[in-house]
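The values are calculated or read from the model by the stated rules, or taken from the named source; none is laboratory data. Keep in mind that what you see is a predicted model, and the values were worked out from it rather than measured. A quick note on method: Cβ atoms are made from the backbone with ideal geometry, for glycine too, and the neighbour counts reach across all protein chains shown.
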Protein chains: 2
Amino acid sequence: MRLRDETKEQAIREQAMKMIVREGFDGLSMQKLAKAAGVSPATIYIYFKDREDLIRQIYYEEMQMMSQETLRGFDPAMHFDEGLRVQWMNRANYCMKYPLRMHFMEQMRHSPFHEKFQTDAQNPFSVAMKVFVMNAIQRNELVKLPVEVYWSVAYAPLYQLIKFQQSEQGMPGWGKFVLDEKVLEQTLSLVLKALKP
Amino acid sequence: MRLRDETKEQAIREQAMKMIVREGFDGLSMQKLAKAAGVSPATIYIYFKDREDLIRQIYYEEMQMMSQETLRGFDPAMHFDEGLRVQWMNRANYCMKYPLRMHFMEQMRHSPFHEKFQTDAQNPFSVAMKVFVMNAIQRNELVKLPVEVYWSVAYAPLYQLIKFQQSEQGMPGWGKFVLDEKVLEQTLSLVLKALKP
DNA sequence: CAAAAATAAACGAACGTTCTTTTATTTAAA
DNA sequence: TTTAAATAAAAGAACGTTCGTTTATTTTTG
């Protein structure tokens, strides 16, 4: 029996992300993907049931990787300031390290696939976040508010900064924008100011 | 000479947005669109040069409408608190009134089309925003910071709230989320707290 | 009746997927 | 140790369908 060449699967995943980021879901065709990955179209169907399964599998794996990196060095029992900072820096680092993956996820999150591929609420990431927020509120390190409000104030600004950085230009007419340590710290401190009692 | 039936063009635009919102750019085919709009495929090409032009035109028109609604009752000379509140409420109202349009724009903004269809920095909206921010900083009603940081803290949380609302469910595992006046005010006050000196 | 709007039908190209064949590797009888 | 059966990976070519777009024609109306 012939063994699977795992580099082929990885090439398929990588090229698929590239195509989606560059041309959108429109631009992802199985035949073009096969060519880009240096593989026969039929080979893709050994690893993935169909086109949607391909997208779904990549999404789930990337989701898991990102969650894992986001939780690195994080403990739900942490003081709110510290916990939020750890998560910000983890996310920012991940984005700098893997811009393609981040870009892919960003596009995923705002497509109809996102609702189609709902993740369950029992995954480690959701659980950790839930505990973290409840702890912080109980200890009076965080103002009491609905999770959605918390999430919107705590992380949406970060993702917007990352989007500015990705697009290689910030607001139209204000010149180039670079997301460096200083800007990150500045924004985080504003967010903390908003959320702390 | 026969006159154009403007309802046809409107039907095409409307159905195109619906298809894109429901199935993504993948799901927008000219033949399906023609059928949905009750029109012949060839008719679409009377109003739009090609598929990309169709998307571009819809995008530009929606962009313009949204900008216009966002600036309703707004004056760049306003006090920062008031100006920001007006914009928040305008955006929120627009989203409640036209969820389809908002959803379409949200999807647009995070697709490769967004970078392809760059808008110029001289449009009334960008200009008004620029003046507003510079005024507020000069009057010491707003902390001094890069525009991108301002934008991220001031509006990203609002758009995230709207996204939660659109998805008909907030964070996984926390029950349903509704974006009402109270939540909006609460979040806005947090944002103001962050941005005011 | 002139002219533009609107259509039905059709074009070649590209789509997702599958069918058939070949290739590589393991297994085990000789 | 040799060799051939067995099996899954991988490939290439092709399937029928749908794609975006155009052409030829009809319909509508100033």
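The table below lists the values:
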{"read-out": "Unique match (being more than 16 Å from DNA strand D (Cβ to nearest atom) and over 21 Å from A:W151 (Cβ atoms)) among A:I12, A:I55", "value": "A:I55"}
{"read-out": "Qualifying residue in the stretch A:81-97 (condition: in contact with a Gly (Cβ under 6 Å, 6 or more places away or on another chain), away from every other protein chain (no Cβ under 14 Å) and away from DNA strand D (no atom under 16 Å from the Cβ))", "value": "yes"}
{"read-out": "Criterion (under 29 Å from A:V133 (Cβ atoms) and within 14 Å of chain B (Cβ to nearest Cβ)) met by exactly one of A:M63, A:M78", "value": "A:M63"}
{"read-out": "Filter result for B:M17 (more than 15 Å from DNA strand C (Cβ to nearest atom), among the aliphatic types (A, V, I, L, M), buried (at least 19 other Cβ atoms within 10 Å of the Cβ) and assigned by TED's automatic domain parsing to the domain that holds B:H103)", "value": "no"}
{"read-out": "Residue check for B:L161: closer than 24 Å to A:V183 by Cβ and buried (at least 20 other Cβ atoms within 10 Å of the Cβ)", "value": "yes"}
{"read-out": "A:L184 vs. criteria in contact (Cβ under 8 Å) with a residue 12 or more places away in the chain, more than 7 Å from every other protein chain (Cβ to nearest Cβ), under 18 Å from A:Y94 (Cα atoms) and surrounded by 15 or more Cβ atoms within 10 Å (Cβ to Cβ)", "value": "yes"}
{"read-out": "Any hit, the stretch B:134-145, residues being over 23 Å from B:A16 (Cβ atoms), at the interface with chain A (Cβ under 7 Å from one of its Cβ atoms) and surrounded by 15 or more Cβ atoms within 10 Å (Cβ to Cβ)", "value": "yes"}
{"read-out": "Members of the stretch A:107-126 that are surrounded by 14 or more Cβ atoms within 10 Å (Cβ to Cβ) and under 23 Å from B:W174 (Cα atoms)", "value": "A:M108, A:R109, A:H110, A:S111, A:P112, A:F113, A:H114, A:F117, A:T119, A:N123, A:F125, A:S126"}
{"read-out": "Filtered residue count, the stretch B:32-52, keeping only those that are among the basic types (K, R) and near DNA strand D (Cβ under 7 Å from one of its atoms)", "value": "2"}
{"read-out": "Candidates B:M102, B:M129, B:M171 - the one that is under 23 Å from A:K116 (Cβ atoms), more than 7 Å from chain A (Cβ to nearest Cβ), of a type in the set (A, V, I, L, M, F, W, C) and surrounded by 18 or more Cβ atoms within 10 Å (Cβ to Cβ)", "value": "B:M102"}
{"read-out": "Which listed residue is within 14 Å of another protein chain (Cβ to nearest Cβ), basic (K, R) and near DNA strand C (Cβ under 9 Å from one of its atoms), from A:R51, A:R22", "value": "A:R51"}
{"read-out": "Filtered residues of the stretch B:146-158 (kept if within 7 Å of chain A (Cβ to nearest Cβ) and closer than 15 Å to B:M102 by Cα)", "value": "B:A156"}
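Yes/no per residue for (1) outside any helix (DSSP H, G or I); (2) modelled with pLDDT under 95; (3) within 27 Å of B:M108 (Cβ to Cβ); (4) β-branched (V, I, T):
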{"residue": "A:K144", "(1), (2), (3), (4)": "yes, yes, no, no"}
{"residue": "A:V153", "(1), (2), (3), (4)": "no, no, yes, yes"}
{"residue": "A:P157", "(1), (2), (3), (4)": "no, no, yes, no"}
{"residue": "A:F177", "(1), (2), (3), (4)": "yes, yes, yes, no"}
{"residue": "A:L184", "(1), (2), (3), (4)": "no, no, no, no"}
